[in-house]
Structures are given as C-alpha cells and as structure tokens.
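Heads up, the thing below is written out as structure tokens.
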Amino acid sequence: DGGITQSPKYLFRKEGQNVTLSCEQNLNHDAMYWYRQDPGQGLRLIYYSQIVNDFQKGDIAEGYSVSREKKESFPLTVTSAQKNPTAFYLCASCQQGGGHYNEQFFGPGTRLTVL
Amino acid sequence: GNSVTQMEGPVTLSEEAFLTINCTYTATGYPSLFWYVQYPGEGLQLLLKATKADDKGSNKGFEATYRKETTSFHLEKGSVQVSDSAVYFCALRIQGGSEKLVFGKGTKLTVNP
C-alpha cells in the first residue's frame, strides 16, 4: 500500500532536548512538507522540500531543522530553540508539476508533548 | 498576501440536517481551492477541489462551488450523518511554484444522532 508514515504517533520530550520526527513516503513524490497544527490555528507550514538535497523555510521555521537526503524521507528536528513545541505535527507529500491536480497526501501525524 | 477565512466553530447539527461551512479567500493570483477533512486523531484527507471559477467540486455528498466574484468556496451537504463528525479545513494553492497550501483555521463539526 502506498502512503505516508510518521513515527512515533506520540512523543514526549523534556524541555531543552532536541527531538526528531520521522516522515517516510513510498508514493515516489518529489515534494514533501511539514506542518504544525495547534488548536484553533489551522495548519502552518514549517519547511518544505521540492527535491532531494534542497529545502525551503515555511512560515514558522524558527526552532526547527530538516534534511532531505533521500527522496522518500524528510525528518524534522524540533530543537531546544523552539519556544513552544507542544503541538500536532503533520507531514505531507505531493507530486510536482503536471498541472492543477497535484493533491497533497498527509501522514497520520505525531503528537509532541514537552514535559 | 494569500489567506483563507472560515466560519468559526464548533458547529453542532442533528443527523439529516443541512450543512454549510463558509469559506472566503484572498489571493494574489488564480488559486486552486480545496476542502480537507480531519477525523479525530488522524491526518488530513482531501474531500474535494476546484481549480477555476464556477467549477463545482463534489465527493461523498459534499459540494462546493468556486465563486470568483465573491471569493468564496462554501462547503455544503444536504443531509449530514454522524460519521461526518470531523474538522473541516478550507485551503488554497496558487498555481505554479512550490505547491504550498494556505489553510483556514478549521471548523469542527459534530453530528448528533
């Protein structure tokens, strides 16, 4: 089955620690995205990558870092510099180009709680 | 800039009631418009889409029409079911470029039997 997997589903972190969230896709999509979801805030874009070894900051990149060494993987590191990291994190992927119908597919999400 | 405004929730309806969730947008170009649905504890799923003015997207009994003159993309369903309880997000994407989506804040729908 093709899709996006995120792990773990729940993650607890002590204040001051870095933590890495996993995102893997087997859809052969070029582009991948990380969003943060907070209650009443909708989804906000953290980082995105349109091609391997390249990525761009989204609207709220401060305190986060990413890498894109393989097409199928786009891990997100929440660093200790992120002031309020407790949130639900969603990864998505999308095929680039080809016209208007490039749907973004979402993973099931990781809920991060800072203790 | 580009932005999406949705009606604030939560919305609570009885089964078989008519549903409308309002969505309006501001965009610098010619956006494609989407409705996504999020069931409890899950990621988002695409519900329907429209890519140009007057297009109507439809899926699972839900409909939305791209209205350029009112910059709107309201979601409607004639008869909701308990299983429709979820959070609904309106989103836009400007054609070309990075395929980034801009989301509204979401509207939580609860349908009671």
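A quick yes/no check of all residues on (1) assigned to a strand (DSSP E or B); (2) within 10 Å of the chain's Cα centre (by Cα); (3) small (Gly, Ala, Ser):
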position: B:GLU76; (1), (2), (3): yes, yes, no
position: B:TYR88; (1), (2), (3): yes, yes, no
position: B:LYS105; (1), (2), (3): no, no, no
position: B:VAL111; (1), (2), (3): yes, no, no
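Please work out which residue is surrounded by the fewest Cβ atoms within 10 Å (Cβ to Cβ), limiting yourself to the range B:74-113 and to residues that are charged (D, E, K, R) and closer than 22 Å to A:GLN37 by Cα.
Restricting to residues being charged (D, E, K, R) and closer than 22 Å to A:GLN37 by Cα, the top hit is B:LYS108.
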Can you confirm whether B:VAL37 is modelled with pLDDT of 95 or more, more than 12 Å from the chain's Cα centre (by Cα), of a type outside the set (Phe, Trp, Tyr) and within 16 Å of B:THR107 (Cα to Cα)? no
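Considering each residue of the range B:17-49, count those that are part of a loop (DSSP other than H, G, I, E, B) and away from chain A (no Cβ under 14 Å), and give that number. It would help to see each step written out before you state the result.
From the range B:17-49, those part of a loop (DSSP other than H, G, I, E, B) are B:17-18, B:22, B:27-30, B:39-43; that's our starting set.
From the residues that got through so far, the ones that are away from chain A (no Cβ under 14 Å) too are B:17-18, B:22, B:27-28.
Count: 5.
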Of everything in the range A:62-79, what is of a type outside the set (D, E, K, R), closer than 26 Å to B:VAL4 by Cα and assigned to a loop (DSSP other than H, G, I, E, B)? Give them in sequence order. A:GLY63
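The values are calculated or read from the model by the stated rules, or taken from the named source; none is laboratory data. This structure is a prediction, so every number in the text was calculated from the model and none was measured. A quick note on method: Cβ atoms are made from the backbone with ideal geometry, for glycine too, and the neighbour counts reach across all protein chains shown.
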